[in-house]
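S.K.: Structure below; questions to follow.
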Amino acid sequence: MKYCGIDLHSNNSVVVITDENDHVLYGKRHPNELSQILAALQAHRTELYGVVVESTFNWYWLVDGLQEAGYQIHLANTSAIKQYAGLKYRGDESDARHLAQLLRLKLLPEGHIMPKAERAVRDLARKRMQLVQQRSAQILSIESSLSRHTGGRISSNSIKFLQESDLQQMHLGEMPSLGLRAHLAVMHALQSQIDMLEATLKQYCGGKPEFKLLKTTDGIKLKGPGTIYFDIPAEQPVKFRRRLVRSHGE
């Protein structure tokens, strides 16, 4: 039996194939071109137990291509592999060899490979979360600016409905008003995009039984299908799902 580890980088990948004694049978750096990586694996295909790919920022194309080619893929949870750092030597080939070794020892911490279609929707949910965070930053900036210049306080919910005409009535001066108008414009633009994404996500997730389960579970409050829906495998117990939702803070 043979084991393959791929140390994936932004523009190249180190492919290492080892045997049952961890002897390196193949080790080479390839550009990030699927055809070249498939060609490197072909000679060992029938004996390969599996292929380990690092869960880096750019793993989609490689995992999808290898799966479509019929390989058994394991997505390495790189953050969990830190506990094995003492077993590693420096160097990309050593990293790839270490991934293959963990697979052979059945010690590989694995990440979930979400189906390609659902993965795209999850990324959209993550984009929504990013925009919500950016909108919150604008709201906080407006709140602090008004507090500095007026000595009063306005709630975050009230700020969401502020318009430029409201600022004109405050008579804050040219420069403070200019800065606040910029924040308002960005906040409203972000809100528009958030509304659009939420409508799309709700259309996709609203009728799914998993989402209905989240909506009806005690202790869970969701305005819409957030990332939490995609980050919990459907087979997980409700107790675990509730705990994870609370940790996400959605």
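Read-outs: derived from the displayed coordinates by stated rules, not from any lab. Since this is a predicted model, take the numbers as computed values, not measurements. A quick note on method: Cβ atoms are made from the backbone with ideal geometry, for glycine too, and the neighbour counts reach across all protein chains shown.
S.K.: Treating the beta-carbon of each Lys and Arg as +1 and of each Asp and Glu as -1, no other charges, what is the dipole magnitude of segment 60-215 about its Cα centre, to the nearest 20 debye?
M.R.: My answer is approximately 500 debye.
S.K.: Placing one identical point scatterer on every Cα of segment 74-175 and ignoring solvent, what is log10 I(q)/I(0) from the Debye formula at q = 0.13, 0.23 Å⁻¹?
M.R.: -0.69, -1.15
S.K.: Rank the residues 51, 24 as a footprinting-exposure proxy: fewest other Cβ atoms within 10 Å of their Cβ go first.
M.R.: With the fewest neighbours first, 51, 24 line up as 24, 51.
S.K.: Send over the semi-axes of segment 126-172's equivalent ellipsoid, whole angstrom and largest first, taken as the square roots of 5 times the C-alpha gyration tensor eigenvalues.
M.R.: 23, 11, 8
S.K.: Cα convex hull of segment 130-210: how many Å³ per residue?
M.R.: 98 Å³
S.K.: Is the shape of segment 2-111 rounded, prolate or oblate, going by the alpha carbon gyration tensor and its root eigenvalues a ≥ b ≥ c, with a/c under 1.5 for rounded and a/b larger than b/c for prolate?
M.R.: Cα axes put segment 2-111 in the rounded bin.
S.K.: Still on this model: Whole-Hz ³J(HN,Hα) for each residue in segment 141-153, computed from phi via Karplus 6.51 cos²θ - 1.76 cosθ + 1.60 with θ = phi - 60°, x for glycine and proline: what do you get?
M.R.: Rounded to whole hertz, the list is 5, 5, 4, 5, 5, 5, 5, 5, 8, 10, x, x, 9.
S.K.: Nearest 20 debye, what's the magnitude of the dipole of segment 2-111 about its Cα centre given +1 on Lys and Arg Cβ and -1 on Asp and Glu Cβ?
M.R.: 240 debye
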